[in-house]
Amino acid sequence: MRDRPAAILRGRRVAAVLFDLDGTLVETDDETVARLARRLAPFRPFLPQRDTQRAARHLADWLNERFNDGLALLDWLRLDTLAQRLARDWGLIHANSPGRRLTPVAGTVELAQALYGHYLLGIVSTRSEAELRVYLAQHGLAGIFAVIVGADSTARIKPHPQPILHAADRLGVHPRHVVMVGDTAADVQSAQAAGALAVGVLCGFGDRADLRRADLVLPSTADLAAWL
């Protein structure tokens, strides 16, 4: 039962909040940056200010943008499932398995628990449904998120609007009353193409330039608590 009014964004009442996973709810982006920084160590003398972490962050951001662009094209060609399987086989992305502990972005587990009962909650990710369930099980959130939409839940993936529309339909909420929270331009594009609201967060790969079209940009996902 609600004990506070629903948030309003762009003059629209918020009834449901959807979250991306990587870089939004879990710290997989920081893990990627750390791996790249280790590989850049031999090139430290040639890097600006000899800063491998900063160079790795910029490289990871660029690679993530190219990956998302490529995945969107492969999605259109119906080859995205094959591409993701090959990327996992080659170690370019890592599967979420019960044996691999996922580190939450600081404050996000508490955020989900605080929002539960006030808003309908969901996850919309390019991970598989099985991988999303690993995250839920590890952090005791299975009963909190009413819907999960993975790459295998719909025919199309973000930045196509279908995953957002599918989640809204399953929640019984009109897309205009849905907020999608994510760290990349693909999250923003998918939400707005579906007619939903978009909140960008800077705790993942995306920077302010990437998220400039979002309806709201926050330093971290956990900062959503003060707004909702």
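No value in this document is a laboratory result; all are computed from the given coordinates. Only a predicted model underlies this, so the values are computations on that prediction, with no experimental measurement involved. In this analysis, Cβ positions are derived from the backbone assuming ideal geometry, glycine residues included, and neighbour counts consider all displayed protein chains.
Miscellaneous remarks
- Ala106-Phe43 FRET efficiency (beta carbon distance; Förster radius 35 Å; 0.05 resolution): 0.70
- Applying 1/(1 + (r/R0)^6) with R0 = 30 Å to the Cβ-Cβ distance of Arg212 and Asp169 gives a FRET efficiency near 0.55.
- Only Cα pairs under 8 Å and 6+ residues apart enter the sum, and on that basis the relative contact order of segment 174-228 stands at 31 percent.
- For segment 213-228, 3J(HN,Hα) per residue [Karplus equation, 6.51 cos²θ - 1.76 cosθ + 1.60, θ = phi - 60°, Hz, x = Gly/Pro]: 8, 5, 6, 7, 10, 10, x, 8, 4, 4, 5, 5, 4, 6, 7, 8
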